[in-house]
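Let me begin by presenting the structure, written as structure tokens, before commenting on it.
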Amino acid sequence: MRGGLVASARLLPRPLVRWFLQRRAQLDINENMLGGKKVKIIFVLGGPGSGKGTQCSNIVEHFGFIHLSAGELLRAEINSGSENGTMIDTIIKEGKIVPSEITIKLLQEAIIKGGNDKYIIDGFPRNEENRAVFESVQLQTLVTYFQLLQINISPEFVLFFDCSEEEMERRLLGRNQGRSDDNIETIRKRFKVFVESSLPVIEYYESKGMVKKIDATKPAPEVFEDDGKRMKFTNGIT
Ligand SMILES: Nc1ncnc2c1ncn2[C@@H]1O[C@H](COP(=O)(O)OP(=O)(O)OP(=O)(O)O)[C@@H](O)[C@H]1O
Ligand SMILES: Nc1ccn([C@H]2C[C@H](O)[C@@H](COP(=O)(O)O)O2)c(=O)n1
Ligand SMILES: [Mg+2]
């Protein structure tokens, strides 16, 4: 692969090759670069119904992030009639977690398509596999010859919406958005999966000092005040 690229580089005009090598060197030095811009990623985690989607809408409005919800991307994939749709639908109804390669591919595509340098990703990583695979894969940017421009993506920090199960259950049963997983049977399964698979991911980031915990049991406007303070305390994130 590398030999082939070196050989084909000889056929290209020298200034173009020089430019390409400079760009690649820049991208190698700076992590999380997308098309030359430093990409900032924040993960938003919390139990089902803790208010992740609600607060992300506020954050988009006030802090100029693009919001990507892993769950929304998966639901769009079901509705698009894709070949994985039926499988994803079954997993979601069971309250389980979709294989990482499917979710990460959807996130990668959305990040590249978004063309922004600030993303807030909600509901991801949902388990240790999600986290490890996402942090190990690389985003390929640009096209054809420039596929060498690859970027590792890691989050700046993690917002954790901490909410009691009793409150989350009450909210989910009242959400009324026609979601196939907002029924008491699936909700209980999702709580179990959250405790068993998602909390360890939050603990992992906590051990790295990357978690900003938010009391999400409060009314939505108060939670957002807290989000705002947390975001502003972070150097250069807003
Ligand atoms: N702080 C709050 N107090 C009361 N209700 C809230 C609060 N935040 C959100 N809600 C309501 O609770 C429901 C769930 O909120 P939301 O969809 O934002 O949660 P979520 O964490 O994204 O859930 P999921 O993981 O299932 O997608 C919605 O009906 C929303 O309007
Ligand atoms: N990383 C993810 C995110 C979501 N899912 C599936 C399983 C969830 O129960 C469902 C809904 O997600 P939500 O909208 O509640 O964030 O989507 C997943 O498998 N992997
Ligand atoms: Mg949501």
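Where a number appears in this text, it was derived from the coordinates with a stated rule and is not lab data. Bear in mind the structure is a predicted one, so any value in this text is a computation, not a measurement. Virtual Cβ from ideal backbone geometry, glycine too; neighbours counted across all protein chains shown.
Quick notes
- Nitroxide proxy distance, nm - points 7 Å out along Cα→Cβ at Arg10 and Glu225: 6.9 nm
- Its convex hull of Cα atoms gives the stretch 173-238 a direction-averaged projected area, equal to a quarter of the hull surface, of 6.2 nm².
- Taking 18 Å as the straight-line reach from the Cα of Lys212, the aspartates and glutamates in range (excluding those fewer than 8 positions away in the same chain) are Asp122, Glu156, Asp162, Glu203, Glu222, Glu225, Asp226, Asp227.
- The aspartates and glutamates within cross-link reach of Lys93, meaning a Cα-to-Cα straight distance under 15 Å and a gap of 8 or more places when in the same chain, are Glu72, Glu77, Asp181, Asp182, Glu185.
- The smallest convex shape that holds all Cα atoms of the stretch 29-130, its convex hull, gives 116 Å³ per residue.
- In nm, spacing of pseudo-spin labels at Glu156 and Ser80 (7 Å Cα→C-beta vector): 2.8 nm
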